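Quick note: the coordinates plus some simple rules give every number you see, no bench work behind them. The structure presented is a predicted model; accordingly, all values stated were derived computationally and were not measured. So basically every Cβ, Gly included, is an ideal-geometry build from the backbone, and we count neighbours across all protein chains shown.
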Amino acid sequence: MRDRHFGEPWVDEPSLAILIAIGQGMDAGRPIRLSSACYASRLPATTALRRVQILETLGLIVSQTEPADARCKTTRLTAEGRAKLTALLADIRMSADALLGGGLPA
């Protein structure tokens, strides 16, 4: 299912966790620090940062330095990243809903 939406071998489970963490932050109206997004992947920091670079290269996320603190970066989904993540999560929900006979709460 993941491959159908992202079509990239680099969008694996840890990368997906990064995307979801960023999406949740955006939904809550708060910026997500790059360190928090990396933490969500449960990978060592250097490995997670490489995944973030790959996601940026794929055009799924963008990072920027915080104006108030140049040591920190925040990250957000691009329109393409948001659309692909939303479509994937909708497919997962539909599959789970079908499996459970419509028993998932909205």
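Spelling out what I want: for every residue of the stretch 51-68, take phi, set θ = phi - 60°, compute 6.51 cos²θ - 1.76 cosθ + 1.60 (Karplus), and round to whole Hz; glycine and proline get x.
Karplus-based 3J(HN,Hα) across the stretch 51-68 equals 5, 4, 4, 5, 4, 5, 4, 6, x, 8, 9, 9, 10, 8, 6, 5, x, 7 Hz.
Size of the dipole of the stretch 2-98 about the Cα centre, Lys and Arg at +1 and Asp and Glu at -1 on the beta carbon, nothing else charged, in debye to 20?
Values: 13 positive and 11 negative charges, 47 e Å.
Using only the charged Cβ atoms, the result is roughly 220 debye.
Quick check: pseudo-label points 7 Å beyond the Cα along Cα→Cβ at Glu13 and Val62, how many nm apart are they?
Using points 7 Å along Cα→Cβ, the separation is 3.2 nm.
Can you compute 3J(HN,Hα) from phi for each residue in the stretch 13-21, using the Karplus curve 6.51 cos²θ - 1.76 cosθ + 1.60 with θ = phi - 60°, rounded to whole Hz and x for Gly and Pro?
Coupling constants for the stretch 13-21: 4, x, 5, 5, 4, 4, 4, 5, 4 Hz.
In percent, what relative contact order does the stretch 2-98 have, based on Cα pairs under 8 Å that are 6 or more apart in sequence?
Details: 112 pairs, mean separation 28.1, N = 97.
Averaging sequence separation for qualifying contacts and normalising by length gives 29 percent for the stretch 2-98.
Counting only residues 5 or more places away or on other chains, whose amide H sits under 5 Å from the amide H of Lys73 once H atoms are built in the peptide plane?
Excluding prolines and chain starts, which carry no amide H, the hits are Leu34, Ser35, Glu66.
Multiplying the sequence separation of Met94 and Gln53 by 0.36 nm and subtracting their Cα-Cα distance, what value in nm do you get?
Details: separation 41, 0.36 × 41 = 14.76 nm, distance 3.07 nm.
Length gained, Met94 through Gln53: 11.7 nm.
Each residue of the stretch 77-93 in order: what ³J(HN,Hα) in whole Hz does its phi give by Karplus 6.51 cos²θ - 1.76 cosθ + 1.60, θ = phi - 60°, with x for Gly and Pro?
Per residue, the Karplus-derived 3J(HN,Hα) values read 6, 7, 4, 5, x, 5, 5, 5, 5, 4, 5, 4, 5, 5, 5, 4, 4 Hz.
Across the stretch 2-98, how large is the tail of the calculated P(r) beyond 20 Å, expressed as a percent of all Cα pairs? Don't jump to the answer; show the numbers that get you there.
Details: 1537 of 4656 pairs.
So the portion of pairs separated by more than 20 Å is 33 percent.
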